[in-house]
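Participant: Submitted below is the structure of interest, expressed as C-alpha cells.
The values are calculated or read from the model by the stated rules, or taken from the named source; none is laboratory data. Being a predicted model, the structure only gives us computed values, none of them experimental. Because the Cβ atoms are built from the backbone with ideal geometry, glycine has one as well, and the counts that use them run over all protein chains shown. Please note that ligands, DNA and RNA were not included when accessible areas were found on the heavy atoms of the full protein model with its side chains. Shrake-Rupley method; radii C 1.70, N 1.55, O 1.52, S 1.80 Å.
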Amino acid sequence: MAEPGSSSNSDDSVEARIPASCPPSIAQVLHLAWQHKLAELKPLLNVPGRASVQEPATGETPLHAAIRACAPANRALLDLGRDPDEEEKEEEKEVVADRARAVVRELFLSGAIWNDVDSNDETPGCVAARLGLGDLYTLCVEAGVRAELLFGLLDGYEELESDDGEEGEDKDGADDEGVEEEVEAGEGADNTVETEGVEDIEVVVNSDRAFVPPKRLNGPDVNSKDYLRSNLTYSEGKLVDSEDNGVMMAWETSIMRSSVESLLPGLAVGRRILNIGFGMGIIDAMFAETHPSKHHIIEAHPAVLEHVNGPDSKFGKDWAASGPSDGAYKVHGGKWQDIVPKLLESGETYDAIYFDTFGEDYSQLRMFFTEYVPGLLEEDGRFGFFNGLGADRKICYDVYTQVVEMHLSDAGMDVEWQELDVDMKDLGTEGEGEWQGVKRRYWTLDKYRLPTCTLMG
Ligand SMILES: C[S@@+](CC[C@H](N)C(=O)[O-])C[C@H]1O[C@@H](n2cnc3c(N)ncnc32)[C@H](O)[C@@H]1O
C-alpha cells in the first residue's frame, strides 16, 4: 500500500479528477474551485454541504480541486494556454497561489472538510504537500487544528482517527474506513474557536453556514473495554491483541530510549518514576537501569499483568522486593483511571512520568495531563508520552502537534519537541518487515516528534 497521502503516480489533470460522468451540480462547484473563480463560487457556498461535495468516482472535493489546480502542468493550462517562459512561470505561480489561497480560505469558512480523502487516499493537505505548496498546506493544517479544537469544545473530544485507526496517542489497528462522525449543530448555534498561533479565522457553527466536522479517516475497531478483555500474544519483537493489532513493537525501542533520556537528563539515578502502560516492558527496563528511588508502573490488562509476574519477567516479586523501601517498586494492577486518583490522594509525586496506553482515545491522554500530571509531577519534573497522535499521515501528525501543544498549555505545561529519525527500512510496507503478522501499520512517518513537558514556572 502506498504511504497515505503520498500518492506518487496520481494524474492531476482536470479531466482525470472531474470526469465527464460527474453530476452537473457537483461538477459546477468543482470546476469553479479548480479555476479559482471566487466571485462565482461564493454564492454557491451558502448552501450547507456545498463546500464539501465530492466527485463520486474520484473523491475530488472543492479543496482538492483548488489546490490541485496549482500543479505546474495545470497552472499553464489555467492561465496562459501555452508554455510560459521562466519569468512567466514564476509570476504565474504566485498569481495562481494567491487565487488558490483565497478560494481555500473561503471553502474553509464555508465548512469544507480538511481531511476528506480522495480516491488516491490523499487529503487536500496531502496534495498540497506533494506539490510543494507550503502556504496551502499550512492553511489545511490550521483548518485541521481549528476543527479538532472545536470538536474538543463541542463534544468533550472527538479524536482524529488516523489511517491505521490509531486513536490519538495509542496504537490500535482500525480498518472501518470512512466512518463519519457528525456533531449536531443546533439551529442557529454559534461556536467560535480561538486558536492561538494559528491564523485567526473564526469558525462559525450554525445552520445557515454549516460547519461540517472533520470526517474520520478511519474509525477504530478497538476500544478500551474490548481491548482489555481481548487475548494478547507476546512473540519475538511484538505484542498483539486477538485481532492482530500491534499493541507494542520492538522497533519502538529507540523511541523509548530517547524518551527515557529526555525524562531523566543524563540518565540521572535515584529518581522517582511513574510509567503508565507496561506493554513489553521496554521503557520500564530502561527506567530500572537508572536505579530509581521509586518506580511505579500502572498496567490494566490481565494478560500483561500475568506476563509481568511470569518466570521471564524482570518485574516480578524479586524486583518489587529490591526497592529501597516498602512499595517503592510496584506494579499497580488496574486502569490508570482508577489508580492515579489514589496515588494523588496518598500524596505520591514523581520526577518523571511517562504515558503510553493502548485502545484509548486522545481524550484520556488529555484528561491525564490536565487533571493529574500537575498534581503528580514534582515542580522540576518531566512528563512525556508516546506521540503517535495522527502518526499514519503527515498532516494529521502536524495538526495534532499543535492541538496537543495548546491543550498542554491550557493545563499549565510547556512542551519541547525533539525530532527523531525513524528508520523506515523495515516499516515501509503493510504486512512486510516489522509489520508481518500485524493487522495495520500504525506508523508511516520517517520523523518522530518526542514531547518533553514541564510545568510552567
Ligand atoms: C503500547 S503499550 C506500552 C508499551 C511500553 N511503553 C513499552 O515500552 O513496552 C500500552 C500498554 O498500556 C496498557 N493499558 C491500556 N489501557 C490502560 C489503562 N487504562 N490503564 C493502564 N494500562 C493500560 C496496555 O495493556 C499495554 O500494556
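Participant: Return the whole-Å distance between the Cα centroid of region 71-128 and the Cα centroid of region 235-309.
Facilitator: Spelled out, the Cα-based centre of one part sits 46 Å from the other.
Participant: Using amide H atoms built 1.01 Å from N in the peptide plane, name the residues 5+ places from K447, or on other chains, whose amide H lies under 5 Å from its own.
Facilitator: Excluding prolines and chain starts, which carry no amide H, the hits are V422.
Participant: Accessible area per residue of region 224-455 at 1.4 Å probe, in Å²?
Facilitator: On the way: 9570 Å² over 232 residues.
Each residue of region 224-455 exposes 41 Å² on average to a 1.4 Å probe.
Participant: What figure, in Å² to the nearest 10, do you get for the accessible area of M367 with a 1.4 Å probe and non-protein molecules left out?
Facilitator: Result for M367: roughly 60 Å² accessible.
Participant: Compute the FRET efficiency between K330 and T370 as 1/(1 + (r/R0)^6), taking r as their Cβ-Cβ distance and R0 = 30 Å, and round to the nearest 0.05.
Facilitator: Numbers: r = 25 Å, r/R0 = 0.84.
The calculated FRET efficiency here is 0.75.
Participant: Using every alpha carbon pair in region 340-457, what percent of pairs falls into each 10 Å bin from 0 up to the bin containing the largest distance?
Facilitator: 13, 40, 30, 15, 3
Participant: Protein chains only, probe 1.4 Å: how do L109, L305, L153, L239 rank by accessible area, largest first?
Facilitator: L153, L109, L305, L239
Participant: Now a separate question. Viscosity 0.692 mPa s, temperature 37 °C: Stokes-Einstein D of region 231-364 from its Kirkwood Cα radius, in µm² per second?
Facilitator: Numbers: Rh = 15.3 Å.
My calculation gives 215 µm²/s for D.
Participant: In the full protein assembly as shown, how much of D380 is accessible to a 1.4 Å probe, in Å² to the nearest 10?
Facilitator: 120
Participant: Of the listed pairs K335/K394; K225/K439; K330/K394; K342/K447, which have alpha-carbon separations greater than 28 Å here?
Facilitator: Working: K335/K394 31 Å; K225/K439 19 Å; K330/K394 38 Å; K342/K447 37 Å.
Pairs exceeding the cut-off: K335/K394; K330/K394; K342/K447.
Participant: Please state, rounded to one decimal and in Å, the Kirkwood hydrodynamic radius that region 224-455 gives when every pair of distinct Cα atoms enters the mean of 1/r. Working shown, then result.
Facilitator: On the way: mean 1/r = 0.0553 Å⁻¹.
Result for region 224-455 stands at 18.1 Å.
Participant: Something else about it: Show me, for region 276-290, the HN-Hα J-couplings you get by feeding each phi into the Karplus relation (A = 6.51, B = -1.76, C = 1.60, θ = phi - 60°), rounded to Hz, glycine and proline as x.
Facilitator: Per-residue couplings from phi come out as 10, x, 7, x, 9, x, 5, 6, 5, 4, 5, 4, 4, 5, 8 Hz.
Participant: What list of ³J(HN,Hα) couplings, whole Hz, do you get for region 448-457 from phi and the Karplus terms 6.51, -1.76, 1.60, once you set θ to phi - 60° and write x for glycine and proline?
Facilitator: So the Karplus estimates, Gly and Pro as x, are 10, 9, 8, x, 10, 10, 10, 6, 5, x Hz.
Participant: So for region 324-423, taking the charge dipole from beta-carbon charges (+1 Lys/Arg, -1 Asp/Glu), which of L343, P324, V422 sits furthest toward the positive end?
Facilitator: L343
Participant: With the full set of protein chains in place, find how many percent of the accessible area of region 82-152 is carbon and sulfur; take the probe as 1.4 Å. Walk me through the numbers before you get to the answer.
Facilitator: On the way: 1190 of 2560 Å².
Summing carbon and sulfur atoms, their accessible area is 46 percent of the total for region 82-152.
Participant: Further question on the same structure: Work out from phi, with θ = phi - 60° and the Karplus expression 6.51 cos²θ - 1.76 cosθ + 1.60, the ³J(HN,Hα) of each residue of region 356-370, listed in order in whole Hz, and give x for Gly and Pro.
Facilitator: Going residue by residue, I get 7, 10, 9, x, 10, 8, 4, 4, 6, 4, 4, 4, 4, 7, 7 Hz, with x marking Gly and Pro.
Participant: Right, another one. Within 10 Å of each candidate Cβ there may be at most 16 other Cβ atoms; applying that plus a DSSP loop requirement, which trypsin sites (Lys or Arg not before Pro) in region 263-362 survive? List each step's numbers first, then the result.
Facilitator: Values: sites: R271, R272, K294, K314, K317, K330, K335, K342; in loops: R271, K314, K335.
Those that pass, being in a loop and sparsely packed, are K314.
Participant: A further question follows. Solvent-accessible area of W417, probe 1.4 Å, all protein chains present, reported in Å² to the nearest ten, please.
Facilitator: 70
Participant: Right, here's the next one. Which FRET efficiency value, to the nearest 0.05, do you get for K93 and S363 by plugging their Cβ-Cβ distance into 1/(1 + (r/R0)^6) with R0 = 45 Å? Show your work: numbers first, answer last.
Facilitator: Numbers: r = 42 Å, r/R0 = 0.94.
The pair K93/S363 has a calculated efficiency of 0.60.
Participant: Here's something else I'd like to know. Along the charge dipole of region 224-455, which of Y400, A411, G375 sits closest to the positive end, that is, farthest toward it, with unit charges on the beta carbon of Lys, Arg, Asp and Glu (+1, +1, -1, -1)?
Facilitator: My answer, from the dipole projection, is G375.
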